[in-house]
Structure formats: C-alpha cells, structure tokens
Ligand code: AMP
C-alpha cells in the first residue's frame, strides 16, 4: 500500500509543495512546529533510515542539496535551521516513508527536550 507521502508526491492528496524534481519532493508539514517546517521526501519509498542502502547514497546526498536550496528560498540559510530524521519508535517516527524535516525561522532551542 502506498504511503501517505507517496499519495502527496503523486498529487492524490493536497499539499503545499515547495520543491520537486525526479528524485525528491518537498512540502510544508501539515502541523508546523516552526515558521518554516518543510519535509524533504524521496520520491522512492524507503521506510526508515534502517532501510537505506549504498545504492541510495546519491539520493540521500541529494536530500541535503535540496535542503540547502529550500533554506535559501525560505530565507533561513543565514539565521540557521535544523535538519532532522526520525527512525522508528524511540524517535516517534509517524510516517514510514523516509523524510528529512527542515525547521527554521525562530531560535530552535536545544536539540532534545531535557527529561
Ligand atoms: P515523523 O514523526 O518524523 O514521521 O514526522 C511525520 C510528519 O509528517 C509529522 O510532522 C506530520 O505532521 C507530517 N504529516 C503527516 N501527514 C501529513 C500531510 N498529509 N501533509 C503534510 N505533512 C504531514
């Protein structure tokens, strides 16, 4: 069954797409946690970081190039931003289609909540 992100990539579910090419699609998170909150998603379904293979290295590197372009486009490159990838249960991964979060537009605080 297609993931919700594949449905977005195919245009079957509405989304606010900010970038797309033959390898990745980037769209605004539906529940933004910062003024800029974009998800950078490979068009190919990869469930988690645990499923990334050496064949995916170019694609995963491309996700960073796209992150850089989006950060510039969103005006957060100089002020700064955070890239984050969750994997599985302890990281609260909700959507099992690899994606990189790009957060920016305000001071983001410490990397992890203190407990
Ligand atoms: P993660 O916890 O890393 O798996 O994050 C999944 C993210 O996908 C969450 O921040 C959700 O708000 C976001 N999300 C879920 N459904 C949609 C959707 N239809 N459009 C945009 N973002 C979504």
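Quick note: the coordinates plus some simple rules give every number you see, no bench work behind them. No experiment lies behind these values; they were computed from the predicted model shown. No Cβ is skipped: glycine too gets one built from the backbone with ideal geometry, and neighbour counts run over all protein chains shown.
Couple of notes before you dig in:
- Förster radius 22 Å - calculated FRET efficiency between residue 17 and residue 79, Cβ distance, rounded to 0.05: 0.40
- Label-point gap, in nm, between residue 64 and residue 90 - each point 7 angstrom along Cα→Cβ: 2.4 nm
- Taking the fewest neighbouring Cβ atoms within 10 Å as the starting point, the ordered list for 111, 1 is 1, 111.
- Annotation for the stretch 44-115 versus the stretch 10-31: alpha-carbon center distance of 14 Å.
- A simple spin-label model places pseudo-atoms 7 Å from Cα toward Cβ; at residue 57 and residue 72 they are separated by 2.5 nm.
- The chain: equivalent-ellipsoid semi-axes (sqrt of 5 x gyration tensor eigenvalues, Cα, Å): 21, 17, 15
- Residues 48, 65, arranged from fewest to most other Cβ atoms within 10 angstrom of their Cβ, appear as 65, 48.
- When 99, 31 are arranged by Cβ crowding within 10 Å, least crowded first, meaning fewest neighbours, the order is 31, 99.
- Relative contact order %, the chain, counting alpha carbon pairs below 8 Å whose residues are six or more apart: 30 percent
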